[in-house]
1. Against the definition (farther than 25 Å from Arg335 by Cα and hydrophobic (A, V, I, L, M, F, W, C)), how does Ile128 come out, yes or no?
2. Go through (1) touching a residue at least 40 places away in the same chain (Cβ under 8 Å); (2) farther than 22 Å from Thr328 by Cα and name the single condition Ser204 misses.
3. Starting from the range 105-122, take each residue that is modelled with pLDDT of 95 or more and list its partners that are outside any helix (DSSP H, G or I) and of a type in the set (Val, Ile, Thr), counting only C-beta distances under 8 angstrom and pairs at least six apart or across chains.
4. For the range 229-262, which positions are under 18 Å from Arg349 (Cα atoms) and surrounded by fewer than 23 Cβ atoms within 10 Å (Cβ to Cβ)?
5. Inspect the range 82-94 for any residue being modelled with pLDDT of 50 or more and closer than 26 Å to Lys314 by Cα and give the result as yes or no.
6. Pick from Leu307, Leu301: which is assigned by TED's automatic domain parsing to the domain that holds Pro356, within 15 Å of the ligand (Cβ to nearest atom) and hydrophobic (A, V, I, L, M, F, W, C)?
7. Does Val155 meet the test of being surrounded by 15 or more Cβ atoms within 10 Å (Cβ to Cβ), at pLDDT 95 or above, of a type in the set (Val, Ile, Thr) and more than 21 Å from the chain's Cα centre (by Cα)?
8. Do we find that Phe180 is among the aromatic types (Phe, Trp, Tyr) and assigned to a strand (DSSP E or B) in this structure?
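The values are calculated or read from the model by the stated rules, or taken from the named source; none is laboratory data. Being a predicted model, the structure only gives us computed values, none of them experimental. All Cβ positions, glycine included, derive from the backbone under ideal geometry; neighbour counts span all protein chains shown.
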Amino acid sequence: MVVRLKNMAILMSMVLLAAFFVVAGNERLQGGEEGQFVDGPFVPGPFAPGEAVLVTGDNQYIKWVDFNVSYEALCAAYDLDVGSYDQPVHLNWIELLAYVGAKNGGSFGSNAVSALEKVATELSEGSITMAELTSDMEYYDYYYQAYEAVLGGMVGEFEIERETETGEKIWTKLYGLKAFLPIAHGFPYSDYDDFGVSRSYGYSRNHLGHDMMGQVGTPIIAIESGYVEALGWNQYGGWRIGIRSFDEKRYYYYAHLRQNFPYAEGLEEGSVVTAGDVIGYMGHTGYSTTENTNNIKTVHLHWGMQLIFDESQKEGNNEIWVDCYDLTRFLYKNRSRAIKVGESKEWDRVFQMRDPTVLKWENDGLP
Ligand SMILES: [Zn+2]
């Protein structure tokens, strides 16, 4: 994946040129809040994995990801992982998806599910390992890292409250999907595949997220646990929340929240949230430099997922936003119940959850 330049002079001039663009890019964004949390003005690439990008020394990180894993493949790989949890060979859904992705150049067509099942059968028999299977696959590592960045915090062990037949709440320990649909259980919404379609407010750009149309006040749920990295007004997203996963690879962006009462009580920058928590309320704020303005025609949640392999990708021209439509369909499996708090406009989650990643973060500040 490294471009080998024989001529050191060319290498040095390219490094200097790259440094210039980094400086120039930063300057453009130093102007304050406005530039910092936009949906992302540029869609670079797509680059083929391994395509020429200048990487030197420690600077090797993924520059682009097209996340085209289908809903069907997500479900199949997930079922294989969870279904083999207590088996001699515990299949890993991300490895399975990376294997099929690497085989098919990142596309997941109608044969993806059978390809997943085939490799799962081979691995389950125990005669071959994934390391052996992929030893001569040039792009397996790329796909593994890319898919792990998207899906890495979504499946694992956790504890959650359940209701018994007598209406008592008890804690249960589970292994499985611990990420949630961003819309609370029972609240209606509609959506369609709208990633990449054009938008024109402010400047011409592509839609780097997924819209879920619903009603004002619908509780918005934290998809994954993490900490609040951004919260407040943005002229594009209106009242918005940005939550970073503890491994720092994912930035979840929730936008157009409710006028006057956008956020869950007490939520602020630095707050730690657990997947399934109510973090805010659906609305139609945004598209205005004036705070608290309802200037979006259709009431909806915009949510986006940005991947960060290197902090330099967080803001500016090198942002990676992935298509989360199929992921949203997949997350429908897991919806958090919320209950209204008295006569207030506030909602609370019904079933509390203990996510090991939250406990680890709170105990030692490490993912
Ligand atoms: Zn949107």
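1. Working: farther than 25 Å from Arg335 by Cα: yes; hydrophobic (A, V, I, L, M, F, W, C): yes.
For Ile128, the condition - farther than 25 Å from Arg335 by Cα and hydrophobic (A, V, I, L, M, F, W, C) - is met.
2. (1)
3. Phe108/Val69; Glu122/Ile128
4. Within the range 229-262, Phe261 is the sole residue that qualifies.
5. Looking through the range 82-94, at least one residue is modelled with pLDDT of 50 or more and closer than 26 Å to Lys314 by Cα.
6. Leu301
7. In short, no.
8. Working: among the aromatic types (Phe, Trp, Tyr): yes; assigned to a strand (DSSP E or B): no.
For Phe180, the condition - among the aromatic types (Phe, Trp, Tyr) and assigned to a strand (DSSP E or B) - is not met.
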